[in-house]
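A quick write-up on the structure given underneath.
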Amino acid sequence: MSDKVAVLVAGSWGTALASVLASNHLNVVVWTRTEEQTREINESHTNNRYLPGVELSSNIRATTHMEEAVSSAVAVVIVAPSSAMREVTGQLKPYWTEDMLVIHATKGFETESLKRMSTVISEELGCEEGRVVVLSGPSHAEEVVRRCPTTVVVASSDAAAATAAQDLFMNTYFRVYTNRDMIGVELAGALKNIIALGAGMSDGLGFGDNAKAALITRGLAEILRIGMEMGANPLTFAGLAGIGDLVVTATSQHSRNWRAGSMLGQGKKLDEVLGSMGMVVEGIRTTKAAHAISEKYGVQMPIADQLYHVLFQDRNPRTAVEALMGRDPKTEMELMPLETWEQWHT
């Protein structure tokens, strides 16, 4: 069997996952869009735009040619931004074969269609959605490349595909669990970025730990509400892809979403924030998608709704927080009907 794995593309997370695979003695070929990045990875063994100061394994090489990257690979790991997922998968299609394992590690929605990434990939490749594996969980690229202990989850409705992905990535510093709930894992990974934006905004406003804890907790309630409506297992949101990823993304300065939210809380405008980041902030696009999803399913997502107003309707962040705090009184457990609670606890 081939020991080659292709990674599309070479951003910070794609490079970190390539490093994990290389440390497992696999032959990793990273597809990049530019000759400059290809030369840097191949000649200097660095990717300084995305992971400055990190030396990459000699088992990683880069190419701008999709056929060269993918040909004879046992697996393809797609880490394209959500906005580019359909385009990148379309470029992959002529060289993909049915014996290749397809894994994606992108946390977001296709904004126009509101589709999850596994749906986009399966449509472009013409395969069953259950053939795709999603990798998610609390995992900053900056820590993974330094081999800090990290634990993630791989999900697929195809148990054999999930186990194959687990076997590819698992090692002494990168622990991998499997999960059958692809919908829940994808929704949790995408929607937590919205709450991380809100947590950063709260910190930027100087509101302290009480406010951030409330945002994280009530944010999880929003994610659970819409997740159950869309067919996810509620227990997934208590796991690595749910509360695990939510906590790390909403509390760490490694998090692009937290940093973007913090700048918004300090009074910077969205264009200014995006200009200074230099990398994709998935939570911004996801907020727009979540606003449409909540309307489509008739599910209340008040935190996502207020962030939508801040990002796209120029609402003052402080006014948005006041609107959240001034909502009508609620009971904390209204999110799960009694019969649903009993179903999952019998």
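Read-outs: derived from the displayed coordinates by stated rules, not from any lab. This one's a predicted model, so the numbers in the text were calculated from it and none came from an experiment. Ideal geometry is used to build each Cβ from the backbone, glycine not excepted, and the neighbour counts take in all protein chains shown.
Return the Rg/Rh ratio of the chain with Cα-based radii and a Kirkwood Rh.
Looking at the chain, the ratio lands at 0.97.
Please order Lys192, Lys107 by the number of other Cβ within 10 Å, starting at the fewest.
Lys107, Lys192
Using alpha carbon coordinates only, what is the Rg to Rh ratio of the stretch 164-318, with Rh defined as the Kirkwood radius?
Across the stretch 164-318, the Cα-based Rg/Rh ratio is 0.99.
Taking each pair of different alpha-carbon atoms in the stretch 133-226 once, compute 1/r for the pair, average those values, and report the inverse of that mean as the Kirkwood hydrodynamic radius in Å to one decimal.
One over the average 1/r among Cα pairs gives 14.8 Å for the stretch 133-226.
Using the basic label-point model (7 angstrom from Cα toward the beta carbon), what is the Ser2 to Glu295 distance in nanometres?
So the label points at Ser2 and Glu295 sit 4.4 nm apart.
Using alpha carbons only, how many angstrom separate the centre of the stretch 313-329 from the centre of the stretch 1-53?
So the two Cα centres are separated by 43 Å.
Rounding to the nearest 10 and keeping the result within 0 to 90°, find how far the Cα-based axis of helix 256-265 lies from the longest principal axis of the chain.
In the chain, helix 256-265 runs at an angle near 30 degrees to the longest axis.
Length gain on complete extension for the stretch Glu55 to His254, per 0.36 nm per residue less the alpha carbon to alpha carbon distance?
Taking Glu55 through His254 to full extension adds about 69.8 nm, to one decimal.
Farthest toward the dipole's positive end in the chain, which of Val310, Ile226, Ala141, given Cβ charges of +1 (Lys, Arg) and -1 (Asp, Glu) about the Cα centre?
The residue sitting most towards the positive pole is Val310.
Pairing the Cα long axis of helix 159-169 with the longest principal axis of the chain, what angle in degrees results, from 0 to 90 and rounded to the nearest 10?
Rounded to the nearest ten degrees, it is 70.
Once all Cα-Cα distances of the stretch 4-180 are split into 5 Å bins that start at 0, what whole-number percent is in each one?
1, 9, 19, 23, 22, 16, 8, 2, 0
Show the residues, 5+ positions off or on another chain, whose built amide H is closer than 5 Å to the amide H of Asn233.
Under 5 Å from the amide H of Asn233: Gly184.
Pop out the ³J(HN,Hα) list for the stretch 183-198 in order, Karplus 6.51 cos²θ - 1.76 cosθ + 1.60 with θ = phi - 60°, rounded to Hz; leave Gly and Pro as x.
Listing the rounded values in order: 4, x, 5, 5, 5, 4, x, 6, 6, 5, 5, 5, 5, 5, 4, x Hz.
Using a Gaussian network model on the chain with a 10 Å cutoff between Cα atoms, which of Gly267, Gly200, Gly275 fluctuates the most?
Sorting by GNM fluctuation, first place goes to Gly275.
Just to confirm a number: summing +1 for Lys and Arg and -1 for Asp and Glu over residues other than Gly261 whose beta-carbon lies under 13 angstrom from that of Gly261, what do you get?
It works out to a net charge of +3.
Note the full-extension length gain between Gln313 and Thr46 as 0.36 nm times their separation in residues minus their Cα-Cα distance, in nm to one decimal.
Value of the extension gain: 92.1 nm.
Would you kindly state how much longer the chain becomes between Thr97 and Ala160 on full extension, computed as 0.36 nm times their sequence separation minus their alpha carbon distance, in nm to one decimal?
Residue separation times 0.36 nm, minus the Cα-Cα distance, leaves 21.0 nm.
Quick one: helix 208-229 against the long Cα principal axis of the chain, what's the angle to the nearest 10°, folded into 0 to 90?
Approximately 70 degrees, to the nearest 10.
Would you please give the residues with an amide H less than 5 Å from that of Arg146, counting only those at least 5 places away or on a separate chain, with H modeled from the backbone geometry?
none
Students often forget the sequence filter, so: which lysines lie under 29 Å Cα-Cα from Lys4 once same-chain residues fewer than 8 apart are removed?
List returned: Lys93, Lys107.
Return the FRET efficiency for the residue pair Thr178, Cys148: r is the Cβ-Cβ distance, R0 is 25 Å, and the value is rounded to the nearest 0.05.
Efficiency, from the Cβ-Cβ distance: 0.70.
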